[in-house]
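The values are calculated or read from the model by the stated rules, or taken from the named source; none is laboratory data. Remember, it's a predicted structure, so these values are computed and weren't measured experimentally. Don't worry about glycine lacking a Cβ; one is built from the backbone with ideal geometry, like all the others, and counts go over all protein chains shown.
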């Protein structure tokens, strides 16, 4: 997600930097957790800690996103709203469809693992941004 | 009924007022604290500004808000007025 890139408006430098840094931190935490979980005993405290490792970076990411939206002007906020209004229900649809397919025995490659679903979760957001920008430009 | 439900849109004189001051869209955007795309969208009628932004625009051009923004004509407005006793 990229609040602040729509326009010639001048986002604060710190928040712009955060939008590059925070996703990297989150992805690093996610893959560190994945790698670590495979090497510890399932159900252990260490496994629990590793499984929850990406949560704080993701919370930071959400905070940065909300702060970014608050720094936007009203049209940019409208565009974000329209994009999220498209992306959020589609993300839910993808998530529960993957769950149902899994239950139905269609496990897919990697059991519908999150990294394989990410593009499907992010794509509607980018499509929504593109459609909304086109509508207002 | 349709006149109430339909969003009629707003006409504005933003482009004219801006031209009178020889401002670019970017200049106006800077004065208003919004993006150039927002100014463009308002000028072209693709986006109706919020009331605070509309007041800010009117204040910037030292006009009354109704001198800058006017409601677009409603389709069927004449028929609706005929129904009103």
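Structural remarks
- Here the range B:36-55 is the region considered, the condition is being under 18 Å from residue B:24 (Cβ atoms) and crowded, with 17+ Cβ neighbours inside 10 Å, and the residue that is farthest from the other protein chains (Cβ to nearest Cβ) is B:43.
- Among the helices (runs of 4 or more DSSP H) confined to the range A:34-137, the ones with at least 3 residues that are outside the structural domain of residue A:21 (by TED's automatic domain parsing) and surrounded by 12 or more Cβ atoms within 10 Å (Cβ to Cβ) are located at A:74-103, A:114-136.
- Some residue of the range A:86-107 being under 28 Å from residue B:32 (Cα atoms) and modelled with pLDDT of 90 or more: no
- Selection over the range B:13-43 of residues that are touching a helix residue (DSSP H, G or I) at 6+ places or on another chain (Cβ under 6 Å) and touching a residue at least 40 places away in the same chain (Cβ under 8 Å) gives a count of 2.
- All positions within the range B:57-76 that are surrounded by fewer than 17 Cβ atoms within 10 Å (Cβ to Cβ) and part of a helix (DSSP H, G or I): B:59, B:60, B:65, B:66, B:67
- If you check A:40, A:94, A:22 for being under 13 Å from the mean Cα position of the chain (by Cα) and more than 14 Å from chain B (Cβ to nearest Cβ), only one passes: A:22.
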